[in-house]
1. PHE209 passes all but one of (1) at pLDDT 90 or above; (2) surrounded by fewer than 16 Cβ atoms within 10 Å (Cβ to Cβ); (3) touching a strand residue (DSSP E or B) at 6+ places or on another chain (Cβ under 9 Å); which number fails?
2. Residues in the stretch 1-40 that are part of a loop (DSSP other than H, G, I, E, B) and of a type in the set (A, V, I, L, M, F, W, C): how many?
3. Of these, GLU249, GLU232, which one is farther than 13 Å from PHE209 by Cβ, more than 16 Å from the ligand (Cβ to nearest atom) and either free of Cβ contacts under 8 Å to residues at least 24 places away in the same chain or not assigned by TED's automatic domain parsing to the domain that holds LYS156 (or both)?
4. When you scan the stretch 41-141 for helices (runs of 4 or more DSSP H) that lie fully inside it, which ones turn up with 3 or more residues that are touching a residue at least 40 places away in the same chain (Cβ under 8 Å)?
5. Tally the residues that are within 18 Å of the chain's Cα centre (by Cα), exposed (fewer than 14 other Cβ atoms within 10 Å of the Cβ) and not hydrophobic (A, V, I, L, M, F, W, C), restricting the search to the stretch 47-60.
6. Could you figure out which of (1) modelled with pLDDT under 90; (2) more than 16 Å from the ligand (Cβ to nearest atom); (3) of a type in the set (S, T, N, Q) isn't true of ASN258?
Amino acid sequence: MLYSKLFGKTKKEVKEYDSISHKLLTQAGFIDQVASGIFEYLPLGKRVLAKIENIIKEEMNAIDAQEVLMPLLHPKNLWEKTDRWNSVDVLFKVKSQWSNEYALAPTHEETVTPLAKKFINSYKDLPLALYHITTKFRDEKRAKSGILRGREFGMKDLYSFHTDKKDLENYYQKVIDAYLKIFKRCGLDDIKITEASGGSFTKKFSHEFNVITPAGEVDLIYCSNCSFAQNEEIAKEKNNCPKCGHKLEKNRAIEIGNIF
Ligand SMILES: [Zn+2]
């Protein structure tokens, strides 16, 4: 298609935004802001999203995850059942004119668990891994950093079900490897993985994937020699990498994925 026909042209000047990505993507005609934290993707931006989604789907399918599509509108009772209706501070709540209340989903444990329960009848149905790629909502008090921290954004989420802890641990490592492949295929080579310290089950199995960039929105202490990284608050007292002994560095980073 001719560039002259393309909807969304490069702009010489755009106003100043709080993040460089917001400015450059607007200037290059990839996105357009509707309101704070709410964006439209123009044809160029949509092409990028489709390419990333294809990479993600290939790597998820390669670890036997199956794609589904779950709703964005969640009945209040599902979130009351998990005790998260009031405890998730960014939960978007909407009231129907017929007086039912709903959450606009920021995550899908509340629907995927009842769904899996309906179809898992024996250990032979396990392991089971389901994922989807869809819009998420966060009722941010102050949306910032362009598409990095919006009120509405796209996300891939994967949920897995196992017969025992060992099977979960094996699959957990497979997912880490799959995520690293996805990031590499997207052109992100230098990924730092934060590991929460402490021995509890949930802490042991919680990893964040970060890419180091001056345009980042969090501070990260990391090793330039291996993939070790920790959030600033817990790593303050350390000077050297606990894994390889190399001197630790500090820089801005963007969180691009997590597993728990
Ligand atoms: Zn290291």
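1. Going through the list (1) at pLDDT 90 or above; (2) surrounded by fewer than 16 Cβ atoms within 10 Å (Cβ to Cβ); (3) touching a strand residue (DSSP E or B) at 6+ places or on another chain (Cβ under 9 Å), PHE209 breaks only (2).
2. Restricting attention to the stretch 1-40, the residues satisfying the condition of being part of a loop (DSSP other than H, G, I, E, B) are 1-2, 6-19, 28-30, 36-37.
Next, from what is left, pick out any that are of a type in the set (A, V, I, L, M, F, W, C): 1-2, 6-7, 14, 28, 30.
Of the residues in that region, 7 qualify.
3. Exactly one residue qualifies, and that residue is GLU232.
4. Here the list reads 43-62, 109-119.
5. Within the stretch 47-60, residues that are within 18 Å of the chain's Cα centre (by Cα), exposed (fewer than 14 other Cβ atoms within 10 Å of the Cβ) and not hydrophobic (A, V, I, L, M, F, W, C) number 4.
6. Every listed condition holds for ASN258 apart from (1).
Okay, residues lined up against (1) more than 18 Å from ASP157 (Cα to Cα); (2) out of contact with any Asp or Glu (no Cβ under 6 Å at 6 or more places or on another chain):
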| residue | (1), (2) |
| --- | --- |
| ASP64 | no, yes |
| LEU69 | no, yes |
| VAL90 | no, no |
| ASN100 | yes, yes |
| PRO106 | no, yes |
| VAL112 | no, yes |
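The values are calculated or read from the model by the stated rules, or taken from the named source; none is laboratory data. This is a predicted model, so every value here is computed, not measured. Cβ atoms come from the backbone with ideal geometry, glycine included; neighbour counts cover every protein chain shown.
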